[in-house]
Every structure is written in C-alpha cells, then in structure tokens.
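The values are calculated or read from the model by the stated rules, or taken from the named source; none is laboratory data. None of the values given here were measured: they were computed from a predicted structure. Cβ atoms come from the backbone with ideal geometry, glycine included; neighbour counts cover every protein chain shown.
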Number of protein chains: 2
Amino acid sequence: MTKRNPHMARLSANYLFPEINLRKRQFLAQHPEVHLISLGIGDTTEPIPPFITRALTEGAAKLGTREGYTGYGPEQGEQSLREQIASKIYQNKVPAEDIFISDGAKCDLGRVQMLFGNEASIAVQDPAYPVYIDGSIIQGIKTIVPMPCNPENNFFPCLEALSRTDLIYFCSPNNPTGVAATKTQLQQLISFAKANRSIIIFDSAYAHYIQDPSMPKSIFEIDGAQEVAIELGSFSKIAGFTGVRLGWSVVPEALKFDDGSSVKADWKRVMSTIFNGASNISQCGGQAILTETGWKEVEALTTFYMENTRLIRDTMRRLGYEVFGGENAPYLWVRFKGRHSWDVFQEFLEKFHVVTTPGIGFGPEGESFIRLTAFGHRENVLLALDRMRDGKT
Amino acid sequence: MTKRNPHMARLSANYLFPEINLRKRQFLAQHPEVHLISLGIGDTTEPIPPFITRALTEGAAKLGTREGYTGYGPEQGEQSLREQIASKIYQNKVPAEDIFISDGAKCDLGRVQMLFGNEASIAVQDPAYPVYIDGSIIQGIKTIVPMPCNPENNFFPCLEALSRTDLIYFCSPNNPTGVAATKTQLQQLISFAKANRSIIIFDSAYAHYIQDPSMPKSIFEIDGAQEVAIELGSFSKIAGFTGVRLGWSVVPEALKFDDGSSVKADWKRVMSTIFNGASNISQCGGQAILTETGWKEVEALTTFYMENTRLIRDTMRRLGYEVFGGENAPYLWVRFKGRHSWDVFQEFLEKFHVVTTPGIGFGPEGESFIRLTAFGHRENVLLALDRMRDGKT
C-alpha cells in the first residue's frame, strides 16, 4: 500500500495563520460591532499603477489575435524581459543569460530545494520566512542549522559560531525583522561561504524597499558573489504583483558543484522539467514595470508604503515601543521583553482592535516580538495609530 | 563543498527537441529557400476566442482599481472557479473542495512527485510524456516500471504482467499515441490499483478532445476512482492557454495512505508551501471558459483542431500510412515497421519539408513511430498534406 512520504510527517503543524484567524473570529463573535484593522498583512493592498495595468490588458488582448497569439514561451522566459532585468535591476552586473523568469520567489524556492535534493545541509536565519525550512523538510533535508538574528547581534548572524552547511538561506531585507544587511556584512557572508564552499540562496524579494543608498540591493553588488550565490527576486512587492505572479532567479554561470559541474545547467533542467514558464500576460506586465514610466509608477508605490512604515515606526517609538526594522523594508519588528508574542498579539487585538503577526511564527528568536507591516490603506494605518495613541479603541 | 544532487546526474540528456532543432537548422542552412511546415508541434496555435480574451483583459484591468485589486488569492484557488470546474468538467461527480487550481499540469506533476517523495515506486506508459519519468528521477525515484502500449495491445498495458508500484501514471487520451482508454479499460486499471493498493496519477490534459461519447473524459466517471486516483487537468489545450498557464488537480477526500492519513491534507500542505496560486488574471480567463458562451467558443476551437486531425489521418491512411490515434485526441501516431523514427523524421524533413516528432523521444516503444499533431493553421496542414500526396515538395 502506498506509504505516506516520511518527510511530510516531519513537518510541524502550520498553525500561525489559522490560529490568527481563529482568534480574530473568536474576538469578533464576542464583539461583532468592532472594526478590526490589520497591521499584520504581508500582502500588497494598493492597485497596480495605470501604465503597468495597461500593459497587462494589452498583453491579454493580443492573445485574441492571430498575430499576437503566443503559446509556450521560451524556457527561461521572454528574452527582452530578462535583458530588462539585467540592465534595470542589476545594472548589467548580471548577464541576461543567467536570469530565469518564474511565477514568483516562493515557487522558485521549492524548485531550488528540488535542485539540491535531500542530502544537502542548510542554514537559515532565525527568525525567517517559514518556507525555507518547510520546503526543505518536504524535500527530505535533515540538517537545518539556525542562524539567530536579534537586536544583540544587529540581526546579522554570528558567522564564527556557525557550523558549515551546503546551503545558506539569507533574506535581506529580512522578513520578518525588516532589517537589511550592510555591504560589509554581505562581504563577510560571501567570505564565509567561500571558505566553507557553501552556496548562498539570497532572497531579495524586498530589496526594492531599501532606502539607504550604501546598502546593496543584490548580493551580486558584492565581488565574488558570482561563485557562491543564487538570487531569487520578485515583482510581487515591487508592483503589487502578489496575485499576478512574476519573479526571477539568477544562477550565475560561474557557480559550480564540487565535481566542477554547472549549477546553472542543472537549474535549467529542473526549470524545463517541472515548470512551464510564467504567464505570458504577467511577463508583459513585468516588461512595463522595467520601462522608465513603469519604474516611476512603482517608485511611487514604494514611497507610499514606506510612508506607512515611517508613520507606524515614529508613532510607536514616541509611544515608547522598542521598534526595529522599517528603515529599508516594509516590515517592523517590535520587542516586548519578557513577554510571549501570542500574549502581545492578544493584547493588541483586544486593546487596540489591531491584528499583528506573532513573531514566534517565524522561529524561536521571534518569541517576545510581533511583526507589523506597511501594507494597507493609509486611513487604516492612521486609525490603528490613533487607537494606540489613545491607549484604547 | 556543495555536492551535485546525485539524482540530477541520473537524468539522461534531454536531446529530443534540441536534436530536432539542430536537424532543422542544418537542413535550412543547405536549403535556405525551403518553407518548412511543422506537424510536430505540441503547442496551440489559434488565438484565444473573444469572450475569453475579454475576461482576461477585464481581469487585468480591474487590478488597476482600488475595488477590483486583489493580491494573494485563496490557497486552493478562486472558490467560484473550483465550483465551475466541479459542475462543468465533472458534472459534480467531484466536489469543489477536492479541486486545487494551479499554473498547469506540468507544474502539478513536479509537485505530485514532491508529495510522494523519493521512496515511491512508479509505473509509466511507454510511450509517454517525458516529464513523468524525468521529474521522478529528479525527485530521487529509483523504481520505474514501463507499461508498454502498442498496436498489439490496443495501446492499453497488459496489467496481468505488471508488477506492483506505489504510483501508476496514466494519461488518456495519451500523448503521444493519441489513443484514449475505454470505460472498461479504466475499470480494469482501477481494479488493478485497488488490488495492489496503488495510486493512479491520471493525466486528463487532452480529455476535452474525446469525441466518442462512450469514452470517459475523467477517471472519476468510473466507480471507485475516488479511493485510488488523483487527476490532473489543464486549460492549456482546451482554450489555447499554454502560455496563460492554468490547470487544476483533483485529490479526493477518500484517498488515503497506508497509515490511514489523508493524501489531500498532505497535498494541501505541499501546495501552500511551495506554490502561491495561479495568476489571478488567468483565473478570470478560466471562469469565462466555463460559462455557456466561453464553452461554445472552446468547443469551436476543439472542432477546428479535430478537423485538422481528421484531414491528416484520412489523407495519410489513403496514402497507405499506418496511422493510430487521432479519433479522440489531437495526436496521431504513425508506424513505419522496421524503421528507426529518426530516419523517418529525416525522410519527412527532406522529402516533404515537414517536421515531425520521432516516437523514440517518448520511450523505447516509440521506436519506428513518428508523432503528428493537429495544432497548426489550416493552410499549413493542407500544404503539408499536398506535399505528401504529391510524394514530393
């Protein structure tokens, strides 16, 4: 009889968002008159700007014409889109040949995990996006080394104390802490990976939110990264494409396995075997984002969300909260020393009618933190802050 | 140093389409004046019909409005689309709760392979779509049992001779043979799976092309399938959505592992961990396909491609070719007894200036066959047939 995949059984229950929803429902059942505001949402809320929307509608419309119809696209994605990413996102520090278009970073993570198989050992920031660990467990990974990131180490792992792993997942700016790594820190990370012959899986999904011009938006801004890193990028948070689905990966030609064989060649094979390209309509949208007009539109979107972030950060700091992150990312990481994150979650829910995300959902180091996000309509953000300022709803 | 995934090394080189392209290029280099016609293409060529195209453009346009904007969708896909699939495709023999929307069957296959892990044994039709085997090898599957399908067994495997496996991949109508299984055959397959406690992965990507009303379009038309089968469906060949990316899977509540645990629960976990939904725009297109107007449009598309199939089949039979398939699928499987498929490919290329697909690319049983497809503009199909009729170009 067909056995359950033993790796699936090793997954811990995914209780975070179900538990949040349960607590919301329970609260609303007792207080049906309450208007809850979410500052916990990790999803974009503002419409796609007009020039980019028009490219999407035109991309769809041309599929209805004989001249404009396209079926399966090129295996690595539209060549022109790959060239635009190379020039606009990477200032040609990365060649178009090393770029693969995808339906988003989460899906690419699953395929990266399939690429490296079940014998690889991995290191993961703690706290981190849960998919690094969950996807690896499904794939059969046994050795998972946490890299604690907290205020005491400025949210950068203590590399000297870290044992060697085959892969190092590193997300900057980090979700959930909202803290981005400096150039020096990324140089240290690359040196560490080189010394250990590890491969860095660099998640740059929030790079577009970096405001400090001295901070790298890509690991490929650092010398030597080409030999040790893969980068996963996404249009989701750049342009409100979370539902449209569009992202990319960079797997450099120079990246090799211990036997000298090409990581990119294997990646190409994985991508062409169990993936079939991002939607042609979404790719038209991506092309528009990377034009001059489109880029101005998405810059304005980012400015909007970062103004939300600033409002939340400044208000909460004035109110005496211990707030981290939020300078270069749409995420804020708020500490409540000595308390449990679920208790803080419950307090915000009951006292301010504000929904947050308990930090413990992102790893043991997240205990006593909550995550707040900048995604939301302005009036909701302001109302939530009013409630906190008044100390009650 | 990071090791290459040993499973990747077990993949045989993917030479089929690269080799076809190489031979085309070589021929055109010597005969630059020639207009080659492809009867080998596995991709749709006709535009998306107007009502469905309009739904795609409207789905894109509303993302530019505050009221119409959506980010991440529900984990299993839009509820209304799942309900439409349940009623239109499955006449409610399958509940919407068991349906998961995806970006296509190829991608779902990769996730199914991840679901069952690397310890499962599998059986695969020979010839078959190469992804069943290649994706399984990447995942680390060791035991792969071929199920020879040929004119001698009416393209249905001899189940009595077959050893037990955990999974049985079964595609009907089959790509490349173009032959669909009868109700009796599927009943036998289900009985076999029940007796062996195997799970059938039923690929119904071409089911919409079935013309014979007595033939099942879904394995769930057969009693008992709910306890032994998963089905993967696709809008690609129904509506020319190969580039738009939209499909679905059905994982019945009643399907269990040997420990009694739910396959669907694990599938839900895989889908929510390493997938993030089909594009919201594509899903709007899917909803339009399943309306009365949209369905009429796609019926007309199918009729068009099946008329191509009929033209090729009838002409070739009149010319004395031994043609199989093509009654209930857009694929024709032509035998050249005693010859190698690559030699036949070369002959068609040189003599008729027609590109075909060598059968050997789909498995050992494909040797001495070529695959022809019905996807193509009518005038090209007619021209290719003229060339064959004239015995020369």
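Quick grid of which residues meet (1) out of contact with any strand residue (DSSP E or B) (no Cβ under 7 Å at 6 or more places or on another chain); (2) acidic (Asp, Glu); (3) buried (at least 22 other Cβ atoms within 10 Å of the Cβ):
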site: B:118; (1), (2), (3): yes, no, no
site: B:138; (1), (2), (3): yes, no, yes
site: B:142; (1), (2), (3): yes, no, no
site: B:146; (1), (2), (3): no, no, no
site: B:150; (1), (2), (3): yes, no, no
site: B:153; (1), (2), (3): yes, no, no
site: B:158; (1), (2), (3): yes, no, no
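Output yes when any residue across segment A:289-305 is in a loop (DSSP other than H, G, I, E, B) and more than 7 Å from chain B (Cβ to nearest Cβ), and no when none is. Spell out how you get there, then give the answer.
Initially, segment A:289-305 is screened for residues in a loop (DSSP other than H, G, I, E, B), giving A:290-291.
Applying the additional criterion that residues be more than 7 Å from chain B (Cβ to nearest Cβ) yields A:290-291.
Within segment A:289-305, one or more residues are in a loop (DSSP other than H, G, I, E, B) and more than 7 Å from chain B (Cβ to nearest Cβ).
Just checking, does segment B:319-339 include any residue being surrounded by fewer than 18 Cβ atoms within 10 Å (Cβ to Cβ), in a helix (DSSP H, G or I) and modelled with pLDDT of 95 or more?
no
I'm checking my understanding of the structure. Among residues of segment A:295-318 that are surrounded by 17 or more Cβ atoms within 10 Å (Cβ to Cβ) and in contact with a strand residue (DSSP E or B) (Cβ under 7 Å, 6 or more places away or on another chain), which one is nearest to residue A:216 (Cα to Cα)?
Per the stated criteria, the residue is A:309.
Being within 20 Å of the chain's Cα centre (by Cα), surrounded by fewer than 17 Cβ atoms within 10 Å (Cβ to Cβ) and either more than 14 Å from chain B (Cβ to nearest Cβ) or not polar (S, T, N, Q) (or both): is that true of residue A:174 here? Even if it seems obvious, please write down each step before you answer.
Numbers: within 20 Å of the chain's Cα centre (by Cα): yes; surrounded by fewer than 17 Cβ atoms within 10 Å (Cβ to Cβ): no; either more than 14 Å from chain B (Cβ to nearest Cβ) or not polar (S, T, N, Q) (or both): yes.
So residue A:174 fails the test.
Tell me which residues, restricted to segment B:248-273, are among the aromatic types (Phe, Trp, Tyr) and either surrounded by 22 or more Cβ atoms within 10 Å (Cβ to Cβ) or farther than 11 Å from residue B:115 by Cβ (or both).
Within segment B:248-273, the subset among the aromatic types (Phe, Trp, Tyr) is B:248, B:257, B:267.
Correct list: B:248, B:267.
What is the residue count in segment B:216-247 for residues that are assigned to a helix (DSSP H, G or I) and surrounded by fewer than 20 Cβ atoms within 10 Å (Cβ to Cβ)?
In the first step, residues of segment B:216-247 are kept if they are assigned to a helix (DSSP H, G or I); the result is B:219-221, B:225-227, B:236-239.
With the extra rule that they be surrounded by fewer than 20 Cβ atoms within 10 Å (Cβ to Cβ), the set shrinks to B:221, B:226-227.
Matching residues across segment B:216-247 total 3.
Restrict the check to segment A:259-268 and report whether at least one residue is at the interface with chain B (Cβ under 9 Å from one of its Cβ atoms), among the charged types (D, E, K, R) and over 21 Å from residue A:44 (Cα atoms).
yes
If I go through segment A:367-392 residue by residue, how many of them are small (Gly, Ala, Ser) and touching a Lys or Arg at 6+ places or on another chain (Cβ under 6 Å)? Working first, answer last.
Step one: list which residues in segment A:367-392 are small (Gly, Ala, Ser), which gives A:368, A:374, A:376, A:384, A:391.
Right, trim to touching a Lys or Arg at 6+ places or on another chain (Cβ under 6 Å) and you get A:368.
The number of residues fulfilling the criteria is 1.
This table checks each residue for (1) aromatic (Phe, Trp, Tyr); (2) touching a residue at least 24 places away in the same chain (Cβ under 8 Å).
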site	(1), (2)
A:63	no, yes
A:66	no, no
A:72	yes, yes
A:78	no, yes
A:107	no, yes
A:114	no, yes
A:121	no, yes
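Of the numbered conditions (1) surrounded by fewer than 24 Cβ atoms within 10 Å (Cβ to Cβ); (2) closer than 21 Å to residue A:254 by Cβ; (3) hydroxyl-bearing (Ser, Thr, Tyr), residue A:169 fails exactly one; give the number of that condition.
(1)
Taking segment A:114-171 only, how many residues are within 11 Å of chain B (Cβ to nearest Cβ) and in a helix (DSSP H, G or I)?
12
Looking at segment B:274-294 only, could you name the residues that are crowded, with 19+ Cβ neighbours inside 10 Å and either in contact with a strand residue (DSSP E or B) (Cβ under 8 Å, 6 or more places away or on another chain) or of a type in the set (Asp, Glu) (or both)?
Result: B:275, B:277, B:278, B:283, B:286.
Are any of the residues in segment A:155-162 within 30 Å of residue B:74 (Cα to Cα) and at pLDDT 95 or above?
Kept after step one, since they are within 30 Å of residue B:74 (Cα to Cα), are these residues of segment A:155-162: none.
No, segment A:155-162 has no match at all.
Within segment B:348-375, count every residue that is buried (at least 23 other Cβ atoms within 10 Å of the Cβ), among the polar types (S, T, N, Q) and touching a Phe, Trp or Tyr at 6+ places or on another chain (Cβ under 7 Å).
Looking only at that region, the number is 2.
On the basis of being of a type in the set (Val, Ile, Thr), in a loop (DSSP other than H, G, I, E, B) and either within 17 Å of residue A:306 (Cβ to Cβ) or outside the structural domain of residue A:144 (by TED's automatic domain parsing) (or both), does residue A:179 make the cut?
The answer is yes for residue A:179.
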